[in-house]
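S.K.: Okay, here's the structure, questions in a sec.
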C-alpha cells in the first residue's frame, strides 16, 4: 500500500489506494519483458520475429474456429473458472483450454510450449493470473482475435488498447457464455474478426519494439526522479554490478538469454517525445468511448442469449453496427 506523500515504488507490479478499481503497473519487470529462462521464455526482440513468422504458417481462415488458451490455472480462481468452459458432453462453449504443467514441460524440453507455434486458432483468450500476466503481448501478437477477460491490472501499454478495435471484451463472471457468443460472432463476421486480430498484432509488433520500451523506461524514471524528496547516494560498501558481471554468474538458459538481450551500447538516436497528458475533457472522452464499446458488446451478447433462451434461431446479428467509438 502506498501512503500519501511518499514516492511509490517504481518496480512494484501494482499500486494504489484501497478500493481502487484499476491497479496500475508502472514498470513491467525487465526480465519478464525480455526473458524468462525458467519457462524457456526467449528475449523479446528475437521472439517478436518468431511470432511474426509463426503467423504465416496458417492463414486465419484455415485456423481452428475456436478460442484457445493454455496456461497454469492453479494460480487463480478466475483461471480455474475458465477451465469449466472446455468442451464437454453437455456443452461446447467454443473454447479449447489446456492446463500447462511446467514441470513436465521442462522435462520434455518445452516442445509443447513454443509460443511461435501456437498461432493456430482464430481466437485466443487472455486472462489474468494471481495478478497481471506476462502472456498478454504474446497472445495478442498472433493475428487471432484476442478475447480479453475483464482485467484488474494494467501493463504500461494496456490503456492504449481499444475495445472492438484491438480486442473483444469478455465478461468476468459469465466467461463461458461470453466466449461462446464472441466466437459465434467472429465466425459470422470473419472479415471484421480478422481486422481486429490484425490491429492487435500490428500494435504489438510496431509499438512494443524494445527501443520504444527503453524510451518508456527513461521517461518513467525521469518523471519518477522529480518526485523524490531526497538526494540518492551510493551506500557505503556497495558493490557496483554491470550487465557482464550479472550474465557471467548465470548458467544455462539464463546466461544464454541474458547474452542475447544484452545491449551492446547506447542508442544512436534521441528518445521519443511523449505527448502531453490528456486534459480532463479528452481523458473523459477516451474513457467514455471505451466504456460505450464494451457496453455495446454486452448488449449484443444479451440479445444473442435472449434469442437462444427463447428457442428462436439466431437472426439479425449481422445487421448490428460495430460501435467504433470514433
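The values are calculated or read from the model by the stated rules, or taken from the named source; none is laboratory data. Note that the coordinates shown come from a computational prediction; the quantities given were computed from them, not determined experimentally. Note: ideal-geometry Cβ built from the backbone for every residue, glycine included; neighbour counts use all protein chains shown.
S.K.: Where residues in the range 232-247 are within 27 Å of residue 156 (Cα to Cα) and in a loop (DSSP other than H, G, I, E, B), which of them is farthest from the chain's Cα centre (by Cα)?
M.R.: Taking the range 232-247 and keeping what is within 27 Å of residue 156 (Cα to Cα), we get 232, 241-243, 246-247.
With in a loop (DSSP other than H, G, I, E, B) added as a condition, the list becomes 232, 241-242.
Working: 232: 34, 241: 31, 242: 30 Å.
My answer is 232.
S.K.: Further, regarding this structure: Of (1) under 25 Å from residue 216 (Cβ atoms); (2) surrounded by 10 or more Cβ atoms within 10 Å (Cβ to Cβ), residue 242 satisfies all except one. Which?
M.R.: (2)
S.K.: Answer yes if at least one residue in the range 106-122 is assigned to a loop (DSSP other than H, G, I, E, B), crowded, with 17+ Cβ neighbours inside 10 Å, at pLDDT 95 or above and in contact with a strand residue (DSSP E or B) (Cβ under 6 Å, 6 or more places away or on another chain), and no otherwise.
M.R.: Checked the range 106-122: no residue is assigned to a loop (DSSP other than H, G, I, E, B), crowded, with 17+ Cβ neighbours inside 10 Å, at pLDDT 95 or above and in contact with a strand residue (DSSP E or B) (Cβ under 6 Å, 6 or more places away or on another chain).
S.K.: Would you mind stating whether residue 291 is more than 30 Å from residue 115 (Cβ to Cβ), assigned to a helix (DSSP H, G or I) and under 21 Å from the mean Cα position of the chain (by Cα)? Working first, answer last.
M.R.: On the way: more than 30 Å from residue 115 (Cβ to Cβ): yes; assigned to a helix (DSSP H, G or I): yes; under 21 Å from the mean Cα position of the chain (by Cα): yes.
Answer is yes for this residue.
S.K.: Would you mention how many residues in the range 252-272 are out of contact with any helix residue (DSSP H, G or I) (no Cβ under 6 Å at 6 or more places or on another chain), assigned to a loop (DSSP other than H, G, I, E, B) and surrounded by 10 or more Cβ atoms within 10 Å (Cβ to Cβ)?
M.R.: 1
S.K.: Right, next: Any residue at all in the range 281-299 that's touching a helix residue (DSSP H, G or I) at 6+ places or on another chain (Cβ under 7 Å), surrounded by 13 or more Cβ atoms within 10 Å (Cβ to Cβ) and at pLDDT 90 or above? Talk me through it step by step, then tell me what you get.
M.R.: From the range 281-299, those touching a helix residue (DSSP H, G or I) at 6+ places or on another chain (Cβ under 7 Å) are none; that's our starting set.
Looking for residues that are touching a helix residue (DSSP H, G or I) at 6+ places or on another chain (Cβ under 7 Å), surrounded by 13 or more Cβ atoms within 10 Å (Cβ to Cβ) and at pLDDT 90 or above, one finds none in the range 281-299, hence no.
S.K.: Let me ask you something else. Do any helices (runs of 4 or more DSSP H) entirely within the range 133-231 hold 1 or more residues that are closer than 23 Å to residue 72 by Cβ, at pLDDT below 90 and in contact with a helix residue (DSSP H, G or I) (Cβ under 8 Å, 6 or more places away or on another chain), and if so, which?
M.R.: Numbers: elements: 136-140, 175-188, 190-207, 210-225.
Fully inside the range 133-231 and qualifying: 136-140.
S.K.: Shifting gears a bit: Are any residues in the range 66-98 in a strand (DSSP E or B) and loosely packed, with under 15 Cβ neighbours inside 10 Å, and if so, which ones?
M.R.: Initial filter on the range 66-98 (in a strand (DSSP E or B)): 66-71, 86, 95-98.
Answer for the range 66-98, where residues must be in a strand (DSSP E or B) and loosely packed, with under 15 Cβ neighbours inside 10 Å: just 98.
S.K.: Taking the options 143, 206, 184, name whichever one is out of contact with any strand residue (DSSP E or B) (no Cβ under 8 Å at 6 or more places or on another chain), under 23 Å from residue 55 (Cα atoms) and crowded, with 22+ Cβ neighbours inside 10 Å. Steps first, please.
M.R.: On the way: 206 fails: crowded, with 22+ Cβ neighbours inside 10 Å; 184 fails: crowded, with 22+ Cβ neighbours inside 10 Å.
Just a single option satisfies the conditions, and that option is 143.
S.K.: Looking only at the range 40-68, how many residues end up being closer than 25 Å to residue 257 by Cβ and modelled with pLDDT of 90 or more?
M.R.: So the answer is 0.
S.K.: Examine the range 28-37 for a residue that is modelled with pLDDT of 80 or more, buried (at least 19 other Cβ atoms within 10 Å of the Cβ) and under 30 Å from residue 202 (Cα atoms), and state whether such a residue exists.
M.R.: no
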